[in-house]
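Working notes for the structure below.
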Amino acid sequence: MWGTLVVFVLSASLVVLAGWELTRRAEDLAERTGLGHAWIGAIVLAGATSLPELSVDLVAVRTNNANFAIGDLFGSCMVNMLVLAVADILTLQVRILTRVVIDQALAGVLAIIVLTLAALVVVTGSSLAFGGVGWATLLIGIVYVWGAWLLHVTRQARLWPVPVESPTRPLAGLVPSVARFGVATLGLVGAAWFLISSAEQLVGSLGVTKGFFGMAVLAIVTSLPEIVVSLAGIRAGSYDLVVGNLLGSNAFNMVILLVLDLADRGGPLLALAEPGVLVGNLFAIVLTGLVVLGMLTQAEPRFRFLDPGGIPVVFAYGLGLLLSFRFM
């Protein structure tokens, strides 16, 4: 078991390092190609920091470990909200969740919608598919594109104050950024194979299900890029970037289910989900809802035990893991 644990830790470290490099390159590419910070938080950066989930979960599906992937995605959504809650609690001078523009609430509602669509399949066990792809994951993809469009038009007609856009970087450094992005992607995929292989052996030794292990352990590993980016954003005072990244990652994680379905083509993956995974799915919805509620609650001075996006999220995360373990 110890040898397996060493392999798991080393491969997890490589996943984190490669994921962090991917995140940096994705933001750099977004700025060099003119996308700017308007979409970096909720769309571009959210997608970039979710690349570890995508790589690891693709490997999990291709090696017949679908519940690793499903648990990882729902667990990552829970971890994202936990990170946001802890950051809000520890930032004493301001309430992070009330220092962001209304667009971020839209990103949160979008995440709740796609998480709910995923829960519908898990609850009903629906096997309805089109070309081997589940109906819900197809709908999730459509809703996500629609939500991204809503975010775009809302920014254009925004009523709340916004930061000034940063100037676009010159295209001269585009090729090195693309090359480094490609190298990091290859490193991430290679590390993901070892991560899933060692995780499969650890599950047998620990006596837990693949879904719970994905939710409780893999989710933390694949969410570390979001955590690092969030810490850097908070130190810089870029609260919109932090909140948009974490809420946007929750929505993007559900789009990954569509990619996994397309890669597998064996019917809806969510129909294979373990009971404990459904608990994680439902708690991801609850946690995201609490964070959105915290954004819309403007009361000052703050009452820490009553702030919906702070301490209640931390307690709900712990309860979600406990119930998932009980139902595994």
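The values are calculated or read from the model by the stated rules, or taken from the named source; none is laboratory data. Everything quoted here is computed from the prediction, not taken from an experiment. Cβ atoms come from the backbone with ideal geometry, glycine included; neighbour counts cover every protein chain shown. When the accessible area is computed, the model is the full protein with side chains, heavy atoms only, and any ligands, DNA or RNA have been set aside. Shrake-Rupley method; radii C 1.70, N 1.55, O 1.52, S 1.80 Å.
Restricting attention to the stretch 174-217, and to residues there that are at pLDDT 75 or above and of a type in the set (Phe, Trp, Tyr), which single residue is most open to solvent (accessible area, probe 1.4 Å)?
So, considering only residues that are at pLDDT 75 or above and of a type in the set (Phe, Trp, Tyr), the one most open to solvent (accessible area, probe 1.4 Å) is Phe212.
Evaluate the stretch 152-160: report whether one residue or more is loosely packed, with under 12 Cβ neighbours inside 10 Å, at pLDDT 75 or above and in a helix (DSSP H, G or I). Lay out the reasoning, then the answer.
Of the stretch 152-160, the ones loosely packed, with under 12 Cβ neighbours inside 10 Å are 153, 156-157, 159-160.
Checking which are at pLDDT 75 or above leaves us with 153.
From the residues that got through so far, the ones that are in a helix (DSSP H, G or I) too are 153.
Looking through the stretch 152-160, at least one residue is loosely packed, with under 12 Cβ neighbours inside 10 Å, at pLDDT 75 or above and in a helix (DSSP H, G or I).
Taking the stretch 273-290 as the region of interest, how many residues are part of a helix (DSSP H, G or I) and either within 16 Å of Met254 (Cβ to Cβ) or among the hydroxyl-bearing types (Ser, Thr, Tyr) (or both)?
The total comes to 12.
Which numbered condition in (1) over 30 Å from Leu10 (Cα atoms); (2) outside any helix (DSSP H, G or I); (3) at pLDDT 75 or above is the only one that Tyr144 fails?
Result: Tyr144 fails condition (2) only.
Right, Arg235: of a type in the set (Lys, Arg) and either on the phi < 0 side of the Ramachandran plot or crowded, with 24+ Cβ neighbours inside 10 Å (or both) or not?
Criteria met by Arg235.
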